[in-house]
There are 2 protein chains.
Amino acid sequence: MASKVSPLAPTGFPALPAIEGVRIGTAEAGIRYKNRTDVLLMAFDPGTSVAGVFTRSRCPSAPVEWCRSVLPGGMARALVVNSGNANAFTGAKGREAVALTARIAANALDCGEGEIFLASTGVIGEPLDASKFEGVLDRLAGELAPDRWEAAARAIMTTDTFPKGAVRRADLGGTEVTIVGIAKGAGMIAPDMATMLSFVATDAEIAPEALQALLARGTEKSFNCMTVDGDTSTSDTLIAFATGAAAKRGAPAITDAADSRLGAFAEALDDLLIDLAQQVAKDGEGATKFVTVDVAGATSDEDAKRIALSIANSPLVKTAVAGEDANWGRVVMAVGKAGVPADRDRLSIWFGDIRVAVEGARDKTYDEGKVSAYMKGQNINIRTELGLGTGAARVWTCDFTHDYISINADYRS
Amino acid sequence: MASKVSPLAPTGFPALPAIEGVRIGTAEAGIRYKNRTDVLLMAFDPGTSVAGVFTRSRCPSAPVEWCRSVLPGGMARALVVNSGNANAFTGAKGREAVALTARIAANALDCGEGEIFLASTGVIGEPLDASKFEGVLDRLAGELAPDRWEAAARAIMTTDTFPKGAVRRADLGGTEVTIVGIAKGAGMIAPDMATMLSFVATDAEIAPEALQALLARGTEKSFNCMTVDGDTSTSDTLIAFATGAAAKRGAPAITDAADSRLGAFAEALDDLLIDLAQQVAKDGEGATKFVTVDVAGATSDEDAKRIALSIANSPLVKTAVAGEDANWGRVVMAVGKAGVPADRDRLSIWFGDIRVAVEGARDKTYDEGKVSAYMKGQNINIRTELGLGTGAARVWTCDFTHDYISINADYRS
């Protein structure tokens, strides 16, 4: 297992303020890990609205199915997350485990089970013994505190090498509101430690439908533009909670995602989600370089994104970046295989600001030394211009190193 | 670079007989490699029909475009292949290089340029100096011999660790005909050494359209069921040549792929293509295990193949196999992400004959020791039953090891 911290990690965990209406507790329930926290309980004041975006896997985890079933209620009183066991592909036992967890949490917080949201991350296929939550959630419910974001971010880590958090502030109808988010994932997509979880809380008052629309839109621009290995998890979960506490300070109650007063808030939410998504890519298993892939000139934004993901998911492009090799031939390959319109003879490719290929051939000014020097940096930008239309996309990923193999060939043993 | 031979290599190159109407020569043209052959000239007697299947990349190499342009003629007099330079993404220069190569070969063999087939494999984006073929092809044309299949297979190697060849014999209308094939590729798909090339010759007399139909059908069951890293080459090329020499011995001239006399021949061709495809997977970059993925019970054969390729291309499944870890949770993940119908609760998974998961959960009889012992073998079978319909597919791949990273992170340097 990789215990060393990613070289791409931020210098420290950001100072995350309390969100009024949110209280946090973490504990050691001994699910799988020893001597570290593995349970997170987040409690919300009555009136907190909720929105969620989940994995598109056809084999989703039991907690994902639970969240989908209670999400239409639109209100949340608690979030329970455990690390070490994903409760995925656990059949009827998995369904019993989520039902029991929700019951324990609802008892502890004196609310309805339909207001409890659940997420699990860790090994697939091992039954989760939810009875371990029995005393733990009760005790936690009595010890909750508002400013424990870092502890929360740490309790949900699996192969992550650093805790991930972000904060943004925005003006909402003349009142400042705050958005805080945490995430885990070392690999968008590393299903054994299944996998990408992110939780966002704000004191803004936003109705469930509006919050859902904002979250779905933001996800497209952030987590859905990030990849580590192209392997989609059974457990990907992003949930946003809006406590509405800022309404007491004069913030308007928002019921429509098209409300013009949402401009700054939506921008801040998108920016926070992008920040968290980039932190996940920077903690990609074995990552030593952070890669931004830009595609322009495609026939549509959708085609551009397919090409960008084809480049960002290519093992050959990612191993070349790991080897500090400006191997643009592999970028050509990845463009060619994406299955959407591309014209080799109009294609241009840049590494950083250095154009290496233009109009279907190597750039005449190509200077191996110059581009090799660029590849030694920690942040690599690969840009392609297709020359076909105005479609554009940006995707983030990391390089593909020996440590990815070590982490994933040896994980269960 | 990996210079050691793949542990999955056959014990030796098979004894491949001459095909009447085919003569072979190889030479050192100094394209990129030193002290090894890098040019193959294969000459065919007049009347040889030809069929070809090429990469679906939108950025194909110049030789692929050349072959596509001359294929409608249906007849071949020569094949020229070089290793070390793929002549891909070389723009106008690339087109000039293939035209010059065809002209040199046509002069050397006194035939039309439209009867010359070309393939190149090696680095992408470097201009190919076709003038190097000038004296070489002339000289080779005078030295051709019929029984040089191993030399041919060696001349087209790039990162391959062993030469690949196969032979099959079949009854065709009461006369025995022979099919010989060679292939290269260390990675279906490793575009710098771009990449999968295979050439097949038979003495059967089969008209171009019929040969094309047989080849396309066979490709679907063989090369298109094999993957190393999911990265589609700019240069994938499979060409079949039928000299018709067996007609002198009484074999019928076939003009229709639906001809009932083709049964044994078509079966032998499919079998030979599968043999060559498996050899390519067994020489996958860094491969230590050969993996067969079977999917049954899908809603259609097409859906089954998408799921099988999703499993076979998953870096997490492949690293688990490398680590001798029966990590069926990753198989669940790969089924879930394939984007075609799957029902978690009907899914069963086997490693070899050991059922590890059934109906959406771990098998009650699951025995880690037993399955771990199985995973230590060199040939790993991963089988899934979806329980939805009768669609089935089989795909071959290899595991994903540190050597893949080493080979591809360091290739150009």
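The set of residues in the range B:49-59 that are within 14 Å of chain A (Cβ to nearest Cβ) and buried (at least 23 other Cβ atoms within 10 Å of the Cβ) comprises B:T55, B:S57, B:C59. Only one of (1) away from every other protein chain (no Cβ under 14 Å); (2) at negative phi; (3) open to solvent by less than 20 Å² (accessible area, probe 1.4 Å) is not met by A:V123, so which one is it? Going through (1) away from every other protein chain (no Cβ under 14 Å); (2) at negative phi; (3) open to solvent by less than 20 Å² (accessible area, probe 1.4 Å) one by one, A:V123 breaks only (1). No other residue among B:V98, B:V64 is on the phi < 0 side of the Ramachandran plot, at pLDDT 90 or above, within 19 Å of the chain's Cα centre (by Cα) and in the same structural domain as B:A183 (by TED's automatic domain parsing) apart from B:V64.
Results for (1) surrounded by fewer than 24 Cβ atoms within 10 Å (Cβ to Cβ); (2) touching a Gly at 6+ places or on another chain (Cβ under 9 Å); (3) part of a helix (DSSP H, G or I), shown as yes or no for each residue.
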site	(1), (2), (3)
A:G47	yes, yes, no
A:G84	yes, yes, no
A:A92	yes, yes, yes
A:T101	no, no, yes
A:A106	yes, yes, yes
A:C111	yes, no, no
A:L118	no, no, no
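Taking every residue in the range A:270-294 that is over 21 Å from A:V317 (Cα atoms) and pairing it with any residue that is part of a loop (DSSP other than H, G, I, E, B), at least 6 positions away or on another chain, the pairs with Cβ-Cβ distances below 6 Å are A:L273/A:S222; A:I274/A:S222. A single member of B:T202, B:T161 is among the polar types (S, T, N, Q), open to solvent by less than 10 Å² (accessible area, probe 1.4 Å) and modelled with pLDDT of 80 or more, and it is B:T202. Looking at the structure I just gave you, is A:R355 open to solvent by 10 Å² or more (accessible area, probe 1.4 Å), closer than 20 Å to B:T121 by Cα, without any contact (Cβ under 8 Å) to a residue 40 or more places away in the chain and in contact with a Phe, Trp or Tyr (Cβ under 9 Å, 6 or more places away or on another chain)? Here the answer is no, as A:R355 does not meet what is asked. Screening B:I380 with (1) out of contact with any Pro (no Cβ under 8 Å at 6 or more places or on another chain); (2) outside any helix (DSSP H, G or I); (3) facing chain A (nearest Cβ under 10 Å); (4) open to solvent by less than 10 Å² (accessible area, probe 1.4 Å) gives one miss only, at (3). Residues in the range B:223-243 that are open to solvent by less than 10 Å² (accessible area, probe 1.4 Å), at pLDDT 85 or above and over 23 Å from A:R344 (Cβ atoms): B:A240, B:F241, B:A242. Of all the listed residues (B:V332, B:V340), the sole one being more than 27 Å from B:H402 (Cβ to Cβ), at the interface with chain A (Cβ under 9 Å from one of its Cβ atoms) and of a type in the set (V, I, T) is B:V340. Every condition in (1) over 23 Å from A:P14 (Cβ atoms); (2) crowded, with 23+ Cβ neighbours inside 10 Å; (3) in contact with a Pro (Cβ under 9 Å, 6 or more places away or on another chain); (4) away from every other protein chain (no Cβ under 14 Å) holds for A:G173 except the one numbered (2). For the range A:329-377, a tally of residues being in a helix (DSSP H, G or I), under 20 Å from A:R306 (Cα atoms) and either outside the structural domain of A:A312 (by TED's automatic domain parsing) or hydrophobic (A, V, I, L, M, F, W, C) (or both) returns 5. The set of residues in the range A:317-352 that are free of Cβ contacts under 8 Å to residues at least 24 places away in the same chain and open to solvent by less than 10 Å² (accessible area, probe 1.4 Å) comprises A:A320, A:N327, A:G329, A:R330, A:M333, A:G336. State whether the residues of the range B:301-316 include one that is crowded, with 24+ Cβ neighbours inside 10 Å, part of a loop (DSSP other than H, G, I, E, B) and in contact (Cβ under 8 Å) with a residue 40 or more places away in the chain. No, the range B:301-316 contains no residue that is crowded, with 24+ Cβ neighbours inside 10 Å, part of a loop (DSSP other than H, G, I, E, B) and in contact (Cβ under 8 Å) with a residue 40 or more places away in the chain.
The values are calculated or read from the model by the stated rules, or taken from the named source; none is laboratory data. All values reported here derive from a predicted model rather than from experimental measurement. Heads up, the Cβs are rebuilt from the backbone with ideal geometry, glycines too, and the neighbour counts pull from every protein chain shown. When the accessible area is computed, the model is the full protein with side chains, heavy atoms only, and any ligands, DNA or RNA have been set aside. Shrake-Rupley method; radii C 1.70, N 1.55, O 1.52, S 1.80 Å.
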